[in-house]
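Okay, so here's the structure we're looking at.
The values are calculated or read from the model by the stated rules, or taken from the named source; none is laboratory data. Just so it is clear, the model here is predicted, and its values are computed rather than measured. Don't worry about glycine lacking a Cβ; one is built from the backbone with ideal geometry, like all the others, and counts go over all protein chains shown. The accessibility values were calculated without ligands, DNA or RNA, using every heavy atom of the protein model including side chains. Shrake-Rupley method; radii C 1.70, N 1.55, O 1.52, S 1.80 Å.
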Amino acid sequence: MTTARYAAALMAALVLALLAQPARADVNGVVRGTLTGADRRPVSGVAVTLAGADVTMSATTDDAGHFAFPRVPFGTYTLRASTPGGEAAAGVEVSTGTVIEIDLQPVGVIGATQATTTGVHGTPVVVNTLTAAQIAALPANTTIDRVIETLPGVVRFSYDEPVVDGFHGVTYELDGAPLPSSTSSNFANLIDPRDAGAIEVFTGAFPAEFGGQRMGAVVNVRSLSFSGAPPPGELVLGYGELGTQEAQLSRQFNVGTAQVALALDNLTTNRGLDTPSETALHDASSTANQFVRVALPLGPHDTLAIDAANQYATYEIPINTDPSDINAGEVSLPNQDDVQREYDRFLALSYTHADADGNGYFRVVPWTRYNRVVYDGDLAADVQGYIIGTAASPQSCTVNVVNGFDCPSNGLFEDRAAAYVGLRASAGRTIGKNTVDAGVDLQQEDFDSNVAIAFAPGENPNGTLFPLATSQRGSNTGIYLEDVYAASPYLSIKPGLRYDGSTGYASGSQLSPRFEIDQTVAPGTVFHTYFGRYYAAPGLEDTRQAAVITDTYAGTGTPVYDLQPERDTLLEAGIEHDFGAGRRAWVNGYNRTVVNVLDTTNLLNTPLFAVYNSAVGVTRGIDGRFEQSTPTTDVGVSFTYSLSLAGGVSGGTFLFPPPEVTDLTLEPEDHDETYVGDAYWTRHFSSDLKSFFTLETQYGSGFPVAFLNGTGGRLPAHFQENLAVGRMPVGHDLGFEFTVDNLLDHRWLIKVDNGFNTTQWNAPERAEFRLLIPI
């Protein structure tokens, strides 16, 4: 038995042992502590309440004054207890994986940290949480990608794709269940962020419970929930520029003892995707989402919950018809009608048992997801367009006196479908100073792809239409074990170990250690260090035949599959300071080295993504954030400096394996943007603080012009300003929102066609008015 398999077997045995003693995992943290009187003696038999915006929990102190909340969803809470000496209260901010121990006393607001990563607020460096109220006040809040782009380390790339600390690939989770996605380029998000109770983003220091796929960031979405009486429902009707229309319905209610949260929304616009020309042509889009969550208490310690989501989205593929627009890269017929359709379904069932003593839990989550992307190319019209100014000169090309040769475009039809089924089980136990956590993630994917590639007559000697079909089954297995050890009131140590194994076109495995230390170096100030190894399996999309067919010099065979799993090593060091009064600042430096980077490029002249390897890669940089949250003001200021380099392009559409790569010169990746900033200020006003005004500004220093070519220059730097003003509905009174995206109508090139990417312009100014109707 190999060392990796032996370690995996040992970890599995530990997991099974922990299942017998049901503590923390998925998107929860632990809050525990001791309630004492003014004389420092424990107070027993007192109810302690932990209350957030949509979650309220209670516990009773034991004879030693101890209380515990073993499964607290990430978010911001107030901890309260009434004692004979008066009321005790403390503000607590919980993130996934934190263990917060509080010495609670009835002397105003007191909270002395005993075992947490950053003090009583408990949010580690490089972890940020956006509450439902903060999301509602953001000017651009209709997609998760736009929401998280307000955070440090997150760069807004083409088609609004977030690139985090130099890496494509964001891992999404919904209520503790994974949301795997293929690289076939879903433009839509399965969940509308306005239907979320909170969103938590890890941009580094990933705990051992996360792994197995590309992790530029981990985004945890917690759906809406409530405690006590259901809150009022809301109907949103919106109308705006660029043909924008939307309708959204959210409702929470009880059915017997079950709590139900329902959300329906539909959004249409005439400006959906980033366009190859400054003026959008053929760019309408429509998305429709349906989500429901049902949580059923089975007793004082057991809960059963169901999450179900469905989505259908369509996107017209924008075109350019102006032959003088050299940046556009391609000229299409005015009637070209390529459309992408997306189908997405998700279902998860979760059973959770919490120990009666409040120190442990067990959870099991079977889940399934079906994801289908149909790129319906208008093949007859596609091949009548042409690529502007290519270097090659096949017989079918015509001379372009400015840029070489104009060559006919290809046409593409592709129907990709991925069916996932998985099981997640996690358990743990808080024992003294240790909170041990373990889990297993099992996932199987069945992938099918049907493709047709069309050529103009005479362009390819082998014909004009090539049908291709591929299918493959793959699997991912993850097993992890981690501990949060409260070594002292000022030191938290978090070791972890994860095993990942994958099968598919290529197989691989890795044992990945994780180790984090957080040291309080001064009151409210924590120094953070982290080391982690990661493993990411390549996607099951197979574009080898497509690459061969479109290269007239490569023959018609299919090369040996050559994509390799990605293997990363991340080092971090940072410092965080809590100023009190809802103010917090942190800065973090990182260095990530990679073997066999899994990256994506555009497939032919479409917005579909195809995965490939770079044999080596490195990204390094510094992220920072200042934030303030008070009843009247929310402020977030984020900055990012990063350098993302790669060398030795291979695999996928590049047809040769990494071992054959000899030129490993590191060059800037196409998504490398050196300086990025985002700042927003929200003011809540009126006597009930239900009215708000938000102003946001974003800055980017520009992406490289060429692909992996540091001498090719960069596109211009750019600013964008966004605005939102509104009032939340109160009682039976209507509310409203008025938002403006790109307030000053700044226009800039995100990317230019360079043989690997298509040209894309940012969107113009868009104003929208929404009416909020309580129901």
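Odds and ends about this structure:
- Per residue, in Å², the accessible surface of the chain once ligands and nucleic acids are set aside, probe 1.4 Å: 37 Å²
- Heavy-atom surface analysis with a 1.4 Å probe gives the chain a carbon and sulfur content of 59 percent of its accessible area.
- Legend: residues K751, K690, sorted from most to least accessible area (1.4 Å probe; ligands, DNA and RNA excluded), read K690, K751.
- With every protein chain in place and a 1.4 angstrom probe, the accessible-area ranking of F253, F707, largest first, reads F253, F707.
- Highest average first, the peptides 479-491, 738-750 ordered by how many other beta carbon atoms sit within 10 Å of their residues are 479-491, 738-750.
- For region 506-535 versus region 232-246, the inter-centroid distance based on Cα atoms is 43 Å.
- Cα-derived Rg over Rh, computed across region 618-775 with Rh taken as Kirkwood radius: 1.14
- Look at (i) 45; (ii) 61; (iii) 24: the one that is percent of Cα pairs over 44 Å apart derived from this structure is (iii).
- The Cα center of region 442-491 and the Cα center of region 580-650 differ in position by 22 Å.
- Sorting R533, R32 by solvent-accessible area of protein heavy atoms yields R533, R32, largest first, with a 1.4 Å probe.
- By average C-beta atoms within 10 angstrom, highest first, the peptides 155-168, 423-436: 155-168, 423-436
- Reachable lysines from K690, criterion Cα separation under 24 angstrom, eight or more residues apart if same chain: none
- For the pair region 406-428 and region 40-100, the centres of their Cα atoms are 44 angstrom apart.
- Ranked by the mean number of other Cβ atoms within 10 Å per residue, highest first, peptides 213-223, 378-388 order as 213-223, 378-388.
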